1. Quick check on this structure: which one of 294, 268 is out of contact with any strand residue (DSSP E or B) (no Cβ under 6 Å at 6 or more places or on another chain), farther than 21 Å from residue 41 by Cα and buried (at least 20 other Cβ atoms within 10 Å of the Cβ)?
2. With respect to residue 274, determine if the residue is surrounded by fewer than 24 Cβ atoms within 10 Å (Cβ to Cβ), touching a helix residue (DSSP H, G or I) at 6+ places or on another chain (Cβ under 8 Å), in contact (Cβ under 8 Å) with a residue 40 or more places away in the chain and farther than 27 Å from residue 211 by Cα.
3. Considering the range 212-233 alone, what residues qualify as being crowded, with 16+ Cβ neighbours inside 10 Å and under 15 Å from residue 295 (Cβ atoms)?
4. Restricting the search to the range 136-171, which residues are more than 24 Å from residue 22 (Cβ to Cβ) and either modelled with pLDDT of 95 or more or assigned to a strand (DSSP E or B) (or both)?
5. Please work out which residue is nearest to the chain's Cα centre (by Cα), limiting yourself to the range 57-75 and to residues that are in a strand (DSSP E or B) and under 16 Å from residue 261 (Cα atoms).
6. In this structure, does residue 92 turn out to be under 30 Å from residue 274 (Cα atoms) and loosely packed, with under 15 Cβ neighbours inside 10 Å?
7. Tell me whether the range 238-258 contains one or more residues that are closer than 30 Å to residue 92 by Cβ, in a loop (DSSP other than H, G, I, E, B) and touching a residue at least 40 places away in the same chain (Cβ under 8 Å).
8. Looking for whichever is closer than 13 Å to residue 223 by Cα and in contact with a helix residue (DSSP H, G or I) (Cβ under 7 Å, 6 or more places away or on another chain) here; the options are 100, 108, 137. Which one fits?
């Protein structure tokens with residue numbers, strides 16, 4: 001299938017259909033190529049624009065992610081861990097749409113829009129040490145497109161399939177281009193046995209279109225277990241053969257920055273140690289979301305914020 005045909009098929013139900021889409025996805029049949037070349041630059045800023053060194057920016061450009069151990073420590077880290085416990089145990093959040101439980105269970109695995117639920121996490125999202133790194137990579141002013149707490153309980157925490165966040169945000173939220181970066185702050189010790197995030201270095205340089213039309217309210221399924229919007233095994237296998245898999249690990253307080261298009265996933269937590277992180281997505285303001293590119297309607301606001309928008313549970 002040609003890219004032009006794929007674009008038309010992906011846009012059939014979308015208000016964005018009148019525009020050319022360089023990243024067609026959720027297709028009825030595969031393209032005649034495994035992936036498409038990324039159009040946007042990865043690092044748009046320079047070492048003079050923020051706290052990251054040129055060596056760190058070069059590593060992010062090359063790998064699509066950067067891990068900084070000991071980003072936070074001491075009382076500051078302890079306070080965030082206590083805030084996480086308070087949020088995850090808040091009975092008012094049980095059963096709400098922004099509170100996602102484990103597949104087949106009642107334990108919360110993700111709590112979205114945390115920078116609206118918590119003043120402490122709001123301040124963290126706006127902290128120049130964190131936001132400054134994101135804006136340095138993005139080369140411009142950014143806003144929080146999405147925030148959440150992820151929690152993977154010991155022995156019970158399920159894994160998550162390989163995917164590119166941009167594929168979902170493009171298809172279902174209407175994010176036009178690859179001008180977003182995720183910041184994951186590790187709040188518990190992260191080791192090889194409690195389901196750490198795995199990434200495919202270098203995969204951010206290409207876009208892998210996915211098959212299957214997006215059903216209405218797809219987020220209700222995909223946030224528990226993503227089966228649609230995942231790359232095909234042939235493309236994924238070739239990218240992993242070329243680049244390998246890495247899983248940054250370390251003590252609580254580390255910071256993982258990764259590009260919106262870096263393929264990533266995680267295994268189940270097979271250890272008794274829980275794994276949790278605070279997660280902020282920074283999108284460049286001039287890349288604000290429009291109509292979804294491959295869905296009939298946009299996802300709820302707790303999943304995709306607009307610049308300067310307010311939200312309450």
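The values are calculated or read from the model by the stated rules, or taken from the named source; none is laboratory data. Worth saying up front: this structure is predicted, and the values here are computed from it rather than measured. Here the Cβ is made from the backbone with ideal geometry for all residues, glycine too, and neighbour counts use every protein chain on show.
1. On the way: 268 fails: buried (at least 20 other Cβ atoms within 10 Å of the Cβ).
The match here is 294.
2. Numbers: surrounded by fewer than 24 Cβ atoms within 10 Å (Cβ to Cβ): yes; touching a helix residue (DSSP H, G or I) at 6+ places or on another chain (Cβ under 8 Å): no; in contact (Cβ under 8 Å) with a residue 40 or more places away in the chain: yes; farther than 27 Å from residue 211 by Cα: yes.
In short, no.
3. Correct list: 213, 214, 218, 219, 222, 223, 226, 228, 229.
4. 136, 144, 147, 148, 149, 150, 151, 152, 160, 161
5. Initial filter on the range 57-75 (in a strand (DSSP E or B)): 65-68.
Applying the additional criterion that residues be under 16 Å from residue 261 (Cα atoms) yields 65-66.
Values: 65: 12, 66: 14 Å.
Ranking the candidates gives 65 first.
6. Working: under 30 Å from residue 274 (Cα atoms): yes; loosely packed, with under 15 Cβ neighbours inside 10 Å: yes.
When the stated conditions are applied, residue 92 passes them.
7. So far as the range 238-258 goes, yes, one or more of its residues are closer than 30 Å to residue 92 by Cβ, in a loop (DSSP other than H, G, I, E, B) and touching a residue at least 40 places away in the same chain (Cβ under 8 Å).
8. Details: 100 fails: in contact with a helix residue (DSSP H, G or I) (Cβ under 7 Å, 6 or more places away or on another chain); 137 fails: closer than 13 Å to residue 223 by Cα.
Every option except 108 fails the conditions.
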